[in-house]
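The values are calculated or read from the model by the stated rules, or taken from the named source; none is laboratory data. Here the structure is a predicted model, which means the values were calculated and not measured. Methodologically, a virtual Cβ is constructed for each residue, glycine included, from the backbone with ideal geometry; neighbour enumeration extends over all protein chains shown. Heavy atoms of the whole protein, side chains included, go into the accessibility calculation; ligands, DNA and RNA do not. Shrake-Rupley method; radii C 1.70, N 1.55, O 1.52, S 1.80 Å.
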Amino acid sequence: MIHVTKSFLPDIKEYIALLEEIWANGQLTNDGPLVIDLEKKLAEYLEVENFIFVSNGTIALQIAIKALALVGDVITTPFSYCATTTSLIWENCNPIFADISPISLTCENQQIEQVINEHTKGILTTHVYGNSADLSEQEKLAAYYSIPIIYDGAHAFGVKHRGRSIFNYGTVSTCSFHATKIFHTIEGGAIITKDSKLADKIKGLRSFGHKGDNYFDSGINGKNSEFHAAMGLINLKHFPQIKAHRKVSSELYETHLTSKVERLAWNPDNSRNFSYFPVIFPSENILQKVIVELNKSNIFPRRYFYPALNELPYLTYQACPIAEDIAKRILCLPLSAEISQEDINQICSIINSII
Ligand SMILES: *Cc1c(COP(=O)(O)O)cnc(C)c1O
């Protein structure tokens with residue numbers, strides 16, 4: 001069976017070596033040595049100042065929203081994973097959907113300007129598939145309205161925008177290190193900000209609002225454990241090979257797939273991390289046929305992202321025609337650190353035979 005993604009697992013001996021360190025040390029969580037080491041190494045690798053490791057990418061978003069004290073209307077993207085929207089709802093914000101650009105599939109200034117007004121308290125959009133809007137222009141727009149931007153960077157691990165870490169743009173960026181992501185810590189996530197004061201506040205919020213032993217602000221438990229950090233430390237070492245394999249695999253798709261399926265227009269200002277291989281079919285009907293045929297060969301792509309988030313049943317509908325159209329026609333093809341050339345050839349010939 002070939003799934004849309006397959007979690008990378010290192011040699012178990014590498015993990016056991018770190019488990020032995022945990023046993024020797026006796027500390028399992030609460031900012032243990034492996035968590036501290038992982039935070040330091042990831043801050044260096046990603047070239048960011050303040051890197052805060054948390055238990056998942058959704059709590060990362062919620063803590064970011066809480067730390068910025070966002071309430072009321074927040075402009076957000078209809079084309080992302082549902083966590084982007086639900087984190088706003090759980091933090092009592094009101095999601096205002098801007099449609100997406102048909103090119104980058106994220107909210108560019110043009111779309112944001114159509115819905116921004118004096119009630120707008122912030123922006124939360126996603127660097128979908130590691131692609132992004134023009135972020136310098138977006139920062140200028142936010143500065144003009146004096147509102148913060150949170151970027152959901154769950155897909156953007158290691159991506160550079162105009163030569164610097166994409167996580168350095170916006171007020172706060174988040175990432176997910178879930179087992180299905182290109183770099184994972186089993187479950188995990190991160191919050192990144194250039195603002196050191198905000199970073200201190202976020203660290204407090206992550207740990208029940210602890211300030212010393214006996215004083216608490218309000219907070220949540222968003223900490224992560226030594227066991228998760230251990231997986232991250234090992235996977236970080238393997239990341240260059242993981243990325244290289246995904247690059248070669250993406251190039252194979254690129255050359256073998258018929259030109260009748262549309263590829264994503266990658267922003268030339270962004271480096272690529274090869275986190276996903278999305279393709280857009282001429283119609284939803286063809287997409288469904290492709291899924292049926294691939295499933296017959298035990299190949300399971302995923303409709304990332306369907307439905308468009310503005311169509312979630314528990315929300316009051318706000319129209320986003322471009323996002324709704326793209327969500328119906330886009331499919332992420334299987335991509336992992338292990339997928340073989342034969343698998344990719346097979347997937348391409350099945351798709352090519354249908355279109
Ligand atoms: C995976 C993902 C999340 C959620 O991350 P978790 O670590 O699973 O909580 C949020 N946003 C996007 C765009 C994602 O792909």
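Residues in the stretch 180-214 that are closer than 19 Å to S275 by Cα and open to solvent by 10 Å² or more (accessible area, probe 1.4 Å): T180, K181, I182, I186, E187.
Within the option set A179, A190, A156, being over 13 Å from L46 (Cα atoms), within 16 Å of the ligand (Cβ to nearest atom) and among the hydrophobic types (A, V, I, L, M, F, W, C) holds for one residue only, A179. The number of residues in the stretch 275-305 being touching a residue at least 24 places away in the same chain (Cβ under 8 Å) and outside any loop (DSSP other than H, G, I, E, B) comes to 15. Within the stretch 215-247, the set of residues being at pLDDT 95 or above, farther than 24 Å from S173 by Cβ and open to solvent by 80 Å² or more (accessible area, probe 1.4 Å) comprises just one member, Q241.
For every residue, the table says whether it meets (1) within 16 Å of the ligand (Cβ to nearest atom); (2) within 28 Å of S87 (Cα to Cα); (3) at pLDDT below 95.
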{"residue": "F281", "(1), (2), (3)": "no, no, no"}
{"residue": "I286", "(1), (2), (3)": "no, no, no"}
{"residue": "I291", "(1), (2), (3)": "no, no, no"}
{"residue": "L294", "(1), (2), (3)": "no, no, no"}
{"residue": "P301", "(1), (2), (3)": "yes, yes, yes"}
{"residue": "Y306", "(1), (2), (3)": "yes, yes, no"}
{"residue": "L312", "(1), (2), (3)": "yes, yes, no"}
{"residue": "L315", "(1), (2), (3)": "no, yes, no"}
{"residue": "A319", "(1), (2), (3)": "no, yes, no"}
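How many residues, within the stretch 326-345, are under 28 Å from the mean Cα position of the chain (by Cα) and surrounded by fewer than 16 Cβ atoms within 10 Å (Cβ to Cβ)? Looking only at that region, the number is 4. Filtered by the rule that a residue be among the aliphatic types (A, V, I, L, M), within 16 Å of the ligand (Cβ to nearest atom) and more than 14 Å from the chain's Cα centre (by Cα), the stretch 55-74 gives I63, A64, I65, V74. Yes or no: the stretch 160-169 includes at least one residue that is of a type in the set (S, T, Y) and closer than 16 Å to T84 by Cα. No, because not a single residue in the stretch 160-169 is of a type in the set (S, T, Y) and closer than 16 Å to T84 by Cα.
All conditions but one from (1) polar (S, T, N, Q); (2) touching a helix residue (DSSP H, G or I) at 6+ places or on another chain (Cβ under 7 Å); (3) free of Cβ contacts under 8 Å to residues at least 24 places away in the same chain apply to S132; the one that does not is (3).
The set of residues in the stretch 215-258 being of a type in the set (G, A, S) and either part of a loop (DSSP other than H, G, I, E, B) or farther than 30 Å from I355 by Cα (or both) consists of S218, G219, G222, S225, A229, A230, G232. The residues of the stretch 132-151 that are open to solvent by less than 10 Å² (accessible area, probe 1.4 Å) and in contact with a Leu (Cβ under 6 Å, 6 or more places away or on another chain) amount to a single one, I150.
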